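Heads up, the thing below is written out as C-alpha cells.
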Amino acid sequence: MFPSRGLYAVPLSHGGVLQLGQRPLVMGILNVTPDSFAEAQPLTAIGHAIAAALKMEADGADLFDVGGESTRPGAEPVTGEEEIARILPVVEGLRGRLRIPLSVDTYKSSVADAVLAAGAVIINDVSGLLYDSDLAAVVVAHRAALVLMHTRGRSKDMYEEAAYQDVAGEVAAELQGRVDTATAAGVPIDCILVDPGLGFAKRPVHSYGVLARLPEIAAALNRPVLIGPSRKSFMREAAGGRAAPERDWPTAAAVTAAVLNGAHIVRVHAVAEMVQVVRAAEEIRRAQG
C-alpha cells in the first residue's frame, strides 16, 4: 500500500494560499546562470528566460522556481548583487503575466528581500537557513512561504559530509532542526515546506535511500514535502553515464517513486514530459482504493 499524502494549506505572500495534498504538483525549474549543470543552453537572456517560464506554465507547471546561482557540488558562489541582477528582471518581467506561484531559489537574505518585493511568494533555501541567518526575518517580513532543504557543508565540500548510519532518520532529524530554527525566528509553521535534498551531501546510495524511505521522513516532519531529483548526478550511472540534459528517463523513474511515496511537489526541468509522468503515477496511487 502506498502511504497517504497529508493535506496542507500554505500561506503565500500577497494573500495567496497554496493547497497541497489533493494531487502532486509540478514545479518547473529555470536557472538563469551561465554554469547551470542541467541545461544544454543556459538561459541568461532575460527575454528567453521569461518565454521559458511562460512555456512551462502552458505545459502544465503548477509552480515555477527561478535560480540565479548554481548550487551543484563544486560550484563557485556569486555575490548577492550579481544574483539579484540575474533574477530580478525575470521576476519583474513575469509579474502580472505568470498565473502560477513564483518561487526563487536563494539562500541570501538580500536576494530574497528584492524578489519578494517584486512579486515572488516562496523562497526555496537549499541551505535550510544554514548560510544566512537573516533570511528567516526577511521571509517573515514578507509573509512568504519557505522551503527548507537538507544539506551539509557547502557546495565545494558537501560530499565530505556524506556519511550516514541511517540516512532517512538523520535527514529527518536534521531537517526538524532546521524547521525548529525557522519557527524560533518567527516563520509560521504553516508556511514551511521541507526538501530532503537529493544529491546534496549524499552519495547515490543515500539519495536512492531517501527516495525509498520518503514516507518515514514525511511522517517524522509532518510538513509538505518537495522532491527535486531532476537530472541530478546520483542518476548518472543509471543513465549510462549520460550528461545531465539527457537524464530525463531516470528522472521520470525518480519522479514516479516520489509521487507513489507521497511527495507533494516534484521539482523538474522537463515540465511537459514530467506532468504526464506525475499524472500516471498519481493514477496508480488512486487505483489502490
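The values are calculated or read from the model by the stated rules, or taken from the named source; none is laboratory data. The shown structure was predicted, so the numbers you read here are calculated from the model rather than taken from an experiment. Cβ atoms come from the backbone with ideal geometry, glycine included; neighbour counts cover every protein chain shown. Please note that ligands, DNA and RNA were not included when accessible areas were found on the heavy atoms of the full protein model with its side chains. Shrake-Rupley method; radii C 1.70, N 1.55, O 1.52, S 1.80 Å.
When the stretch 260-274 is filtered for residues that are aliphatic (A, V, I, L, M), under 21 Å from residue 8 (Cβ atoms) and in contact with a strand residue (DSSP E or B) (Cβ under 7 Å, 6 or more places away or on another chain), the ones remaining, listed by number, are 263, 265, 266, 268. Filtered by the rule that a residue be out of contact with any Leu (no Cβ under 6 Å at 6 or more places or on another chain) and either among the charged types (D, E, K, R) or within 15 Å of residue 152 (Cβ to Cβ) (or both), the stretch 177-203 gives 177, 180, 190, 196, 197, 198, 199, 200, 201, 202, 203.
Please identify the pairs in which a residue from the stretch 169-180 that is in contact (Cβ under 8 Å) with a residue 12 or more places away in the chain has its Cβ atom under 7 Å from the Cβ atom of a residue that is part of a helix (DSSP H, G or I) and open to solvent by less than 50 Å² (accessible area, probe 1.4 Å), counting only partners at least 6 apart or on another chain. The qualifying pairs are 171/210; 171/217; 172/217; 172/221; 175/221; 176/221; 179/221. The residue that is nearest to residue 18 (Cα to Cα), counting only those in the stretch 123-136 that are of a type in the set (A, V, I, L, M) and in contact with a helix residue (DSSP H, G or I) (Cβ under 8 Å, 6 or more places away or on another chain), is 123. Of all the residues in the stretch 13-29, those that are part of a loop (DSSP other than H, G, I, E, B) and modelled with pLDDT under 95 number 1.
Of the residues making up the stretch 106-133, those that are in contact with a strand residue (DSSP E or B) (Cβ under 8 Å, 6 or more places away or on another chain) and among the aliphatic types (A, V, I, L, M) are 111, 112, 115, 116, 120, 121, 122, 123, 126, 129. Among the residues of the stretch 76-100, those that are aliphatic (A, V, I, L, M) and either closer than 15 Å to residue 66 by Cα or open to solvent by 50 Å² or more (accessible area, probe 1.4 Å) (or both) comprise 84, 85, 87, 88, 90, 91, 94, 98, 100. Would you confirm whether any residue within the stretch 187-197 is more than 23 Å from residue 20 (Cβ to Cβ) and either aromatic (Phe, Trp, Tyr) or modelled with pLDDT of 95 or more (or both)? No, the conditions are met nowhere in the stretch 187-197.
Among the residues of the stretch 144-162, is there at least one that is modelled with pLDDT of 95 or more, farther than 17 Å from residue 225 by Cβ and open to solvent by 50 Å² or more (accessible area, probe 1.4 Å)? No, because not a single residue in the stretch 144-162 is modelled with pLDDT of 95 or more, farther than 17 Å from residue 225 by Cβ and open to solvent by 50 Å² or more (accessible area, probe 1.4 Å).
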